[in-house]
Amino acid sequence: MKNYKIILSATLLTLSACTVNHVKNTSAGSDSAKNQSSAPAISASLFAKMQIKPTIKIGDAVELKFTVYNDADTARQFCKWHTPFEPLMSKYLDVKDASGQEMLYKGAMAKRIMPPPPSSYMKVNPKDSLTATIDLLKAYDISKPSKYTVIYVGQNMSGLTVKDSVAFVYEGK
């Protein structure tokens, strides 16, 4: 029971990390308002889209393209933790086969300090975008021919919204 409380506390702290930084930045006094105008705002209008080839041959890389868009007139920022903008250090995607079985995540699981330090944020200029690509084979047990669906589940850490999942068919050569 004690371990359950520790795990629950750590999970809640992790999920609220980017929000804590946002509240700290926006609720500051008048001195920080001057500093805030030159610093990018947190992800209020950022969103991301994923893209993947519809058919991938077994043995080829399963490359997922992840693009963050800023439609706002001012710079925005997001926490790069739980996104492809950092090395695979956490499970932020659900990858399921055609039967709905979730593929095993075999990548690293990083322990984080909270709140995220300033270096964990990425700035997206107004009306601009940033793109990162990852090979899903490096972190997920995708080995058999099937249709796979990829869903982004890292929004609580990054602050990014990804509305649509992507799918691909992994087939023999």
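The values are calculated or read from the model by the stated rules, or taken from the named source; none is laboratory data. Predicted, not measured: the structure shown is a model, and the values here were computed from it. Positions of Cβ are generated from backbone atoms using ideal geometry, with glycine treated the same way; all protein chains shown enter the neighbour counts. Ligands, DNA and RNA are excluded from the accessible area calculation, which covers all protein heavy atoms including side chains. Shrake-Rupley method; radii C 1.70, N 1.55, O 1.52, S 1.80 Å.
For residues that are within 12 Å of the chain's Cα centre (by Cα) and more than 13 Å from Q77 (Cα to Cα), scanning just segment 134-160, find the one that is surrounded by the most Cβ atoms within 10 Å (Cβ to Cβ). Restricting to residues being within 12 Å of the chain's Cα centre (by Cα) and more than 13 Å from Q77 (Cα to Cα), the top hit is Y152. Among the residues of this structure, A44 counts as one that is in a loop (DSSP other than H, G, I, E, B), farther than 30 Å from D141 by Cα and either among the small types (G, A, S) or modelled with pLDDT of 95 or more (or both).
Taken over segment 103-133, the criterion of being open to solvent by 70 Å² or more (accessible area, probe 1.4 Å) and β-branched (V, I, T) is satisfied by I113, T131, T133.
Does at least one position in segment 89-102 carry a residue that is under 15 Å from V153 (Cα atoms), open to solvent by 40 Å² or more (accessible area, probe 1.4 Å) and part of a loop (DSSP other than H, G, I, E, B)? So far as segment 89-102 goes, yes, one or more of its residues are under 15 Å from V153 (Cα atoms), open to solvent by 40 Å² or more (accessible area, probe 1.4 Å) and part of a loop (DSSP other than H, G, I, E, B). A single entry from D135, D128, D73, D97 fulfils the requirement of being charged (D, E, K, R) and in contact with a Ser or Thr (Cβ under 6 Å, 6 or more places away or on another chain): D97. Quick check on M122: is it modelled with pLDDT of 95 or more and either more than 19 Å from A167 (Cα to Cα) or not in a loop (DSSP other than H, G, I, E, B) (or both)? Yes: the conditions hold for M122.
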